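The values are calculated or read from the model by the stated rules, or taken from the named source; none is laboratory data. It should be emphasised that the depicted structure is a prediction, and the values quoted were computed from it without experimental measurement. Positions of Cβ are backbone-derived with ideal geometry, glycine not excepted, and every protein chain shown enters the neighbour counts. Calculation scope for accessible area: heavy atoms of the full protein, side chains included, ligands and nucleic acids excluded. Shrake-Rupley method; radii C 1.70, N 1.55, O 1.52, S 1.80 Å.
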Amino acid sequence: MKGRKIMSLKFPVLMTLFIAYAPLFAGFEFLGNIKSQAVHLNRVEFKTDNALFNIYVYDDNVIRFRYTNQKEFSAMPSYAVISGLPAKAAFTFKDDGKYFTLATKTLKVRIAKSPGRVSIYDAAGNLINADEESFGVSFDNDEVRCYKKLLPGENFYGLGEKSDDLCKTGKEYTLWNTDFWAYDDRTDKLYISIPFFYGIRDFKAYGILFDNTYKSHFNFGAEKGELDYYFIYGPEMKKVLTSYTNLTGRAELPPLWALGYQQSRWSYFPEAEVSALATNFRTKRIPCDVIYLDIDYMNGYRVFTWNEERFPEPAKMLGDLKKDGFKVIPIIDPGVKADTNYFAAREGLAQDLFAKYPDGQFYQGEVWPSWAYFPDFTKAATRTWWGANLARLLADGVAGFWNDMNEPTVWGTHFPDIVQFDGDGYPTDHKRIRNVYALEMARATREGLRKHSDQRYFVLTRAGFAGIQRYSAAWTGDNVANELHLKIACRMSQNIGLSGIPFIGSDVGGFVGNPSERLYIRWMELGAFTPLFRQHAAWDTRRKEPWTFGVDVENAVRDFINLRYRLLPFLYNEFYTAHKTGWPVMRPLFFNFQDDPECYRTEIQDQFMLGDNLLVAPVLSETDEFKRFYLPEGDWYDLNQQRFYSGKQWILQAVPLKQIPYFLRAGGFLPMQAVQQYVGEKTITETEMLIYPAGESSYTLYEDDGISYEYEKGVYSRTQFTCQTATDACKITVSREQAGFKPLRRNYLFKVISQHPPVKVSVGGSPLSLVKSAEDLYQKAEGVYYATTDQMILIKTPDRRDFEIKIQY
């Protein structure tokens, strides 16, 4: 067996054990030879010596492979996949002698008959993925395994919340939701398990979703259940992720305010401390939209309750905070205190809503409230009950929920595997449900919120599974205030985004321990460009609010939070893109520049793209004042230093402590707005549109009310901006594509990056007057100014809905 390469991150250890000890396992068997086949409108069904084997065609690039050694396939529905199999699919199937061939317009699947093995090719006949000839699919009592060939030059990415490098090749991983306090870059099992990965070879990508909720390993091995996987071909990563999120669902549009700055700590109490916190933000003019309440707001850690001594009038407190622009999000843990004097425990017991032992006794585990019952979120009645009880807090005025401890975690022991769950009518145990427990808790939360009102609330979860993006944002768990975790925060957020979860971020500044002033500033710089911008800290750490490090740090942090609020139109637009396509807001460079080998280097994971054309290169060190970064193909404009760069080169740049390098690519658009202390503080009447002209490029700006679900009914606007350049001219066309929502904008301020001042600028054929300074321009309804230092043409003009700007040089 020497020299054989198998697509198994447990190679060679598992391969050796598998071969050497197979005879010792009485229940071990291979798939065997194919004995019969039946072709249907959307699938082909095979019977082999030892198993059933089905192939389902979901799309021309999405094919499902399913195996079981039982008499029939499980009827239990998928927790990850919500897309149904089409009634009829376009494919051909023929018998080619030693093998069968199933073909779509994109893929060819060759199924060897003896023994049963699968190989997948593109339409041109190039091998993409194949079972290893000697092993393929096998069953070992309850365990199921699949071995694939590792093709020359093939590398792997994905798997959700993993703290190491983006490239997963040559490593092994286990997917089992685990509460791991103060993890590091060698910790494997963490809070979120996403059994979806990319394979990339010769710059062509495919994806595989392993739809099995049991503890699984990145060798397609699982400790129980069926072998059930979806093969998704690109070859573009963007197409792979769009198809993956077609299967597992996409994120709703978040409330616009959730993109603002969020402040948290374990814990803010009593009410006077929360009020003082809010006052400090407003007095110091540091924008903030969200304040979190950790576990100490509750009465003895009983969910759905308030500690009346610490918070005697919660509705009044929340109302007062709302008047000042603050939204309050409390933590919610799944454990329900085992106290028969407590309404939630009584109701859950009476209605049979909690997880149980096989003998029917309700399971109790020890967590914050001491002994507690655990709701069975795989039961529809439990989800309904949970949502109804969340309404108690919603009635007081909370703006969402922070789901924690939902791996689920219990003190001092493991959650017993024998604990039983309803499984939505398909009774099962903890081994099958653990990885989806948080997913179903988030589902219960989101469904309860949707029933409560048409308002968008915010849900944040620590744990999850494939599909969690349908219900919740996520954060990277209990990190540490050190330089390693600053780096982890950057790359892990990218990795989770690759796994279909666009709303992701870390505990800025570190949850465990105390950051230095320099580390805190660098982390705040990164946070300002991360989808979720939330600062959080443990109870035994120093205070980490922006002003607690002194005036110098406070001023620096204020600047970056201000920049975050300036970027809100751009960020919201990227969340709309994620909602429509599944693409990350925060992306590894190779996601956008898949054909550039430099973008796969390990060093490059310390920078990222926001959307298509904004590159961010944070300094991920508390001591460095320089950054080495890579600019891919194209021309780039340094938004800090107002410098121009050509792409396809590495650059070493001095970066002072209070600066973060970020660049706009030629052809890019960057919508911005004025700073607010909170979203909705004032009416935004002007949209800034920064444009770096290059040939012909376009950008579509999405807008809605930011707070309701009316966008699902078409109440939104989409405005397209097209920029065309010639040797001595530039034309910008603005057209409203969708006008279901009327923005409150009265005018635009276009900022056109140009090394040459304009000779003439006209709007709709009418020339604009040239003013002497930017200050003069801001006072006028319309006009032009050339900013020599920034090398920008500033054009102010009313929003006419559809119009054209012509610039002559």
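The numbered conditions (1) modelled with pLDDT under 95; (2) on the phi > 0 side of the Ramachandran plot; (3) out of contact with any Gly (no Cβ under 8 Å at 6 or more places or on another chain) are all true for HIS217 except (2).
Taken over segment 777-789, the criterion of being surrounded by fewer than 15 Cβ atoms within 10 Å (Cβ to Cβ) and either of a type in the set (Phe, Trp, Tyr) or in contact (Cβ under 8 Å) with a residue 60 or more places away in the chain (or both) is satisfied by TYR778, THR789. In summary, helices (runs of 4 or more DSSP H) completely within segment 466-570 and bearing 3 or more residues that are surrounded by fewer than 19 Cβ atoms within 10 Å (Cβ to Cβ) and assigned by the TED database to the domain that holds ASP294 occur at 551-566. Of a type outside the set (S, T, N, Q), closer than 20 Å to TRP266 by Cα and either in the same structural domain as LYS323 (by the TED database) or crowded, with 24+ Cβ neighbours inside 10 Å (or both): is that true of ALA399 in this structure? Yes. Can LEU460 be described as part of a helix (DSSP H, G or I), modelled with pLDDT of 95 or more, open to solvent by less than 10 Å² (accessible area, probe 1.4 Å) and out of contact with any Ser or Thr (no Cβ under 6 Å at 6 or more places or on another chain)? So LEU460 does not fit the description; no.
For segment 402-420, the criterion of a residue being surrounded by 15 or more Cβ atoms within 10 Å (Cβ to Cβ), without any contact (Cβ under 8 Å) to a residue 40 or more places away in the chain and not aliphatic (A, V, I, L, M) is satisfied by no position. The set of residues in segment 109-128 that are among the basic types (Lys, Arg) and either in contact with a Cys (Cβ under 9 Å, 6 or more places away or on another chain) or surrounded by 20 or more Cβ atoms within 10 Å (Cβ to Cβ) (or both) contains only ARG117. When segment 179-201 is filtered for residues that are surrounded by fewer than 21 Cβ atoms within 10 Å (Cβ to Cβ) and among the hydroxyl-bearing types (Ser, Thr, Tyr), only THR187 remains. Look through segment 725-776, keep the residues that are assigned to a loop (DSSP other than H, G, I, E, B) and polar (S, T, N, Q), and return whichever of them is surrounded by the fewest Cβ atoms within 10 Å (Cβ to Cβ). It comes out as THR727. Scanning segment 255-265 for residues that are open to solvent by 10 Å² or more (accessible area, probe 1.4 Å) and touching a helix residue (DSSP H, G or I) at 6+ places or on another chain (Cβ under 7 Å) yields one hit, LEU256. Quick check on my filter: what residues within segment 134-156 are open to solvent by 10 Å² or more (accessible area, probe 1.4 Å) and either among the β-branched types (Val, Ile, Thr) or touching a Leu at 6+ places or on another chain (Cβ under 8 Å) (or both)? Scanning segment 134-156 gives ARG145, LEU151. Of all residues in segment 113-128, exactly one satisfies the criterion of being in a strand (DSSP E or B) and among the basic types (Lys, Arg), namely ARG117. Of the residues making up segment 571-580, those that are open to solvent by 30 Å² or more (accessible area, probe 1.4 Å) and either among the polar types (S, T, N, Q) or touching a Lys or Arg at 6+ places or on another chain (Cβ under 8 Å) (or both) are THR577, HIS579, LYS580. In segment 435-452, the residues that are assigned by the TED database to the domain that holds LEU390 and closer than 15 Å to GLY335 by Cα form Cβ pairs under 6 Å with partners that are at pLDDT 95 or above and in a helix (DSSP H, G or I), at six or more places apart or across chains, as follows: ALA444/ARG383; ALA444/TRP386; ALA444/GLY387. Among the residues that make up segment 199-214, is at least one of them in a loop (DSSP other than H, G, I, E, B), more than 30 Å from ASP595 (Cα to Cα) and touching an Asp or Glu at 6+ places or on another chain (Cβ under 8 Å)? Taking every residue of segment 199-214 in turn, at least one turns out to be in a loop (DSSP other than H, G, I, E, B), more than 30 Å from ASP595 (Cα to Cα) and touching an Asp or Glu at 6+ places or on another chain (Cβ under 8 Å).
Taking the stated definitions as given, is ASP131 open to solvent by 10 Å² or more (accessible area, probe 1.4 Å) and touching a strand residue (DSSP E or B) at 6+ places or on another chain (Cβ under 9 Å)? No, not satisfied. Between PHE803, PHE750, the distinction of being under 25 Å from ARG665 (Cα atoms) and under 33 Å from the mean Cα position of the chain (by Cα) belongs to PHE750 only.
When LYS162, LYS171 are checked against the criterion of being crowded, with 22+ Cβ neighbours inside 10 Å, farther than 19 Å from ILE232 by Cβ, out of contact with any His (no Cβ under 8 Å at 6 or more places or on another chain) and basic (Lys, Arg), LYS162 stands alone in meeting it. Once segment 684-724 is narrowed to residues that are part of a loop (DSSP other than H, G, I, E, B) and among the hydroxyl-bearing types (Ser, Thr, Tyr), the residue that is surrounded by the fewest Cβ atoms within 10 Å (Cβ to Cβ) is THR685.
Note on segment 277-308: residues that are among the hydroxyl-bearing types (Ser, Thr, Tyr) and either open to solvent by less than 10 Å² (accessible area, probe 1.4 Å) or over 30 Å from ASN562 (Cα atoms) (or both) amount to 4. The criterion of at least 2 residues that are touching a residue at least 40 places away in the same chain (Cβ under 8 Å), within 25 Å of LEU532 (Cβ to Cβ) and within 21 Å of the chain's Cα centre (by Cα) is met by the following helices (runs of 4 or more DSSP H) wholly inside segment 228-330: 237-248. Considering only residues in segment 317-376 that are among the acidic types (Asp, Glu) and touching a Leu at 6+ places or on another chain (Cβ under 8 Å), the one that is most open to solvent (accessible area, probe 1.4 Å) turns out to be GLU347.
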